[in-house]
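*Asks:* Starting off with a structure, shown below.
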Amino acid sequence: MSRLSCLIATLGPVGYLPAPGTWGTLCAVPVMYALHASFNSRLVDIFVALCVFIAVYAVDTALPYFEGQKDPSQIVIDEFVGFAWLSCLLPLDPILYVAGFFLFRFFDIVKPFGIKDIESYEGTWGIIFDDIYAATYAALCVWSLIYILSL
């Protein structure tokens, strides 16, 4: 089971690419766009909630195999889950998904507004939930842009 957890946590080979967090996020973009385009939003929300639970379990199980690293860069399921969360907060529009992608990466990398505090939580919770916070801030920015541009 631990091997499977490592595969899930790293999204297979994705976690070993250069800039793995960006690639992990990019994996989520077409998946979430296709899911939102094809299914009822409640089903997608359930899928995302299930992804969060799977990610928590996978990261918790895989973390010991990364020998003392607090937030191993190879673990990218958190970026996938972060963007999946963000996609549930956005209208289905390719331009807004692109804006959300860049804003999410910005907030995930820079970690302003308390995101750094969330990341400092030990283990799995810090790894997963800093990305959910970053996604929430990205959604707020996208909605602010929508509001400003609609005036």
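The values are calculated or read from the model by the stated rules, or taken from the named source; none is laboratory data. Since the model is a prediction, treat every value here as computed from it, not as a measurement. All Cβ positions, even for glycine, are placed from backbone atoms using ideal geometry, and neighbour counts span all protein chains on display.
*Asks:* Yes or no: the range 137-149 includes at least one residue that is of a type in the set (A, V, I, L, M, F, W, C), closer than 13 Å to G24 by Cβ and buried (at least 19 other Cβ atoms within 10 Å of the Cβ).
*Replies:* no
*Asks:* Further question on the same structure: Quick one: in the range 106-121, of everything that is surrounded by 19 or more Cβ atoms within 10 Å (Cβ to Cβ) and of a type in the set (D, E, K, R), which residue is farthest from the chain's Cα centre (by Cα)?
*Replies:* Only one residue fits best here, namely E119.
*Asks:* Can you find a residue in the range 33-42 that is outside any loop (DSSP other than H, G, I, E, B), touching a residue at least 60 places away in the same chain (Cβ under 8 Å) and over 14 Å from F80 (Cβ atoms)?
*Replies:* no
*Asks:* I want to confirm something. Restricting to the range 88-105 and keeping residues that are surrounded by fewer than 20 Cβ atoms within 10 Å (Cβ to Cβ), in a helix (DSSP H, G or I) and among the hydrophobic types (A, V, I, L, M, F, W, C), which single residue is farthest from the chain's Cα centre (by Cα)?
*Replies:* I95
*Asks:* Further question: Can you name the residue in the range 106-151 that is part of a helix (DSSP H, G or I), farther than 15 Å from A84 by Cα and of a type in the set (D, E, K, R) and, of all such residues, is modelled with the highest pLDDT?
*Replies:* Looking at the filtered set, the residue picked out is D117.
*Asks:* So for the range 47-54 (the condition being touching a residue at least 60 places away in the same chain (Cβ under 8 Å), surrounded by 15 or more Cβ atoms within 10 Å (Cβ to Cβ), out of contact with any Cys (no Cβ under 8 Å at 6 or more places or on another chain) and of a type outside the set (F, W, Y)), does at least one residue qualify?
*Replies:* yes
*Asks:* Hey, another quick one. Look at T61 and say whether it is surrounded by 14 or more Cβ atoms within 10 Å (Cβ to Cβ), of a type in the set (S, T, Y) and at pLDDT 95 or above.
*Replies:* Against the criterion (surrounded by 14 or more Cβ atoms within 10 Å (Cβ to Cβ), of a type in the set (S, T, Y) and at pLDDT 95 or above), T61 does not qualify.
*Asks:* To continue, here is another question. Taking the range 59-87 only, how many residues are among the β-branched types (V, I, T) and in a helix (DSSP H, G or I)?
*Replies:* The number of residues fulfilling the criteria is 4.
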